[in-house]
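What follows is calculated from the coordinates using simple rules that are stated; it is not laboratory data. Just so it is clear, the structure is predicted and the values come from calculations on it, not from any experiment. Cβ coordinates were reconstructed from backbone atoms using ideal geometry, including for glycine residues, and neighbour counts include every protein chain displayed.
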Amino acid sequence: MSKKTCVITGVGWGTGNAIARKFANSGYSVAMLARRGDRLEQLESEIENAHAFPCDVTVTAALKETLKKISKDLGHPSVVIHNAVSGAWGTFMEIDPSDLEKTFQVNTMALLHLAQFTLPKMMEAGYGSLICTGNTAAHRGRAGYAAFAPTKAAQRILAQSIAREAGPKGVHVAYVTIDAVIDLRWTRKRYPDKPDDFFIKPDEIADEVFHVANQSKGAWSFDVEIRPHAENW
């Protein structure tokens, strides 16, 4: 693949924005996906080499059409980052079953559709990366996470299954667990007394995602965990 194209889902003001800037500044044509078209248009105007593709990843037909348009306009992606996330909170007795279904569509089913559309050409070329951004909910089910943790665990296991098939064909699939509170305006308001090093910065996440996506074939990671030095784990 002579042209480097990176597709990122769930691009907002935080992690997705930082990842888009990292790849765009590193020579990639970046396709930014999110439901908020106005926000994507603003980011497109701010980030050179980044392009807005408004899309709801839970609408399968729309997602596939968007991916086709990206391949036509920018070239087939060599890096895909599934950063879109949906969450709902409550115990197993409190949640509405529809909450679990909704989060599953965003967190897990969208990953499957992304992989089915983008990985065949990567495997044919023997090169490419598919990276998921996740969190500790993918590793354990806590009380109150009944509509979220199962979908992130399924996402991680799906990624692992894809990795075992795609890896021998030259495509790197990895799961980056972010065990931290991300430094955003709303998290600062929620934790006003916390020091700066309590938070992980979106740029720090972006640096690690970029590193994992571009690891040498001789030393690939699958499970990657990042956290602030003082995080209790």
Which value, in debye to the nearest 20, describes the size of the charge dipole of the chain about its Cα centre when Lys and Arg Cβ atoms bear +1, Asp and Glu Cβ atoms bear -1, and nothing else is charged?
460
Pairing the Cα long axis of helix 15-25 with the longest principal axis of the chain, what angle in degrees results, from 0 to 90 and rounded to the nearest 10?
30
Using helices alone, what [θ] at 222 nm do you get for the chain, with -39,500 (n - 2.57) per DSSP H run of 4 or more residues, divided over all residues and rounded to the nearest 500?
-13000 deg cm²/dmol
Give me the net charge of Asn17's neighbourhood, meaning all other residues with Cβ under 11 Å from the Cβ of Asn17; Lys, Arg count +1, Asp, Glu -1.
+1
So what J values fall out for region 74-80 if you push phi through Karplus, 6.51 cos²θ - 1.76 cosθ + 1.60 with θ = phi - 60°, rounded to Hz, Gly and Pro as x?
10, x, 4, x, 9, 9, 10
Of the candidate values (1) 1.04; (2) 0.98; (3) 0.93, the one computed for Cα Rg over 2.2 N^0.38 Å from this structure is (2)
Rounded to the nearest 10 degrees, what's the angle between the helix 110-125 long axis and the longest principal axis of the chain, both from Cα atoms, 0 to 90?
30
Once amide H atoms are placed 1.01 Å from N in the peptide plane, what residues at a sequence separation of 5 or more from Ile182, or on another chain, have their amide H within under 5 Å of its amide H?
Ile200
Where does each of 186-199, 22-35, 139-152 land if you order them by average Cβ count within 10 Å, highest first?
22-35, 139-152, 186-199
Once the Cα atoms of region 36-145 are picked out, what are the Rg and Dmax in Å?
16.2, 48
Region 33-85 versus region 92-160: alpha-carbon centroid distance in Å:
18
Restricting to the chain, compute how many DSSP beta bridges are antiparallel as a %, nearest 5.
0
From the residues Leu63, Gln42, Ser216, which one has its Cα farthest along the dipole of region 5-226 in the positive direction, the dipole being from +1 and -1 charges on Cβ of Lys/Arg and Asp/Glu about the Cα centre?
Leu63
Using +1 at the Cβ of each Lys and Arg and -1 at the Cβ of each Asp and Glu in the chain, identify which of Ala24, Ala84, Gly170 lies farthest towards the dipole's positive end.
Gly170
Could you point to the residue in Ala147, Ser98, Pro120 farthest towards the positive end of region 5-226's charge dipole, with +1 and -1 charges on the Cβ of Lys/Arg and Asp/Glu respectively?
Pro120
Tell me the volume per residue, in Å³, of the convex hull enclosing the alpha carbons of region 144-233.
119
When the Karplus curve 6.51 cos²θ - 1.76 cosθ + 1.60 is applied with θ = phi - 60°, which whole-Hz ³J(HN,Hα) does each residue of region 222-228 get, with x for Gly and Pro?
10, 7, 10, 10, 10, 7, x
Taking the Cα atoms only, what angle lies between the long axis of helix 37-46 and the longest principal axis of the chain, rounded to 10 degrees?
70
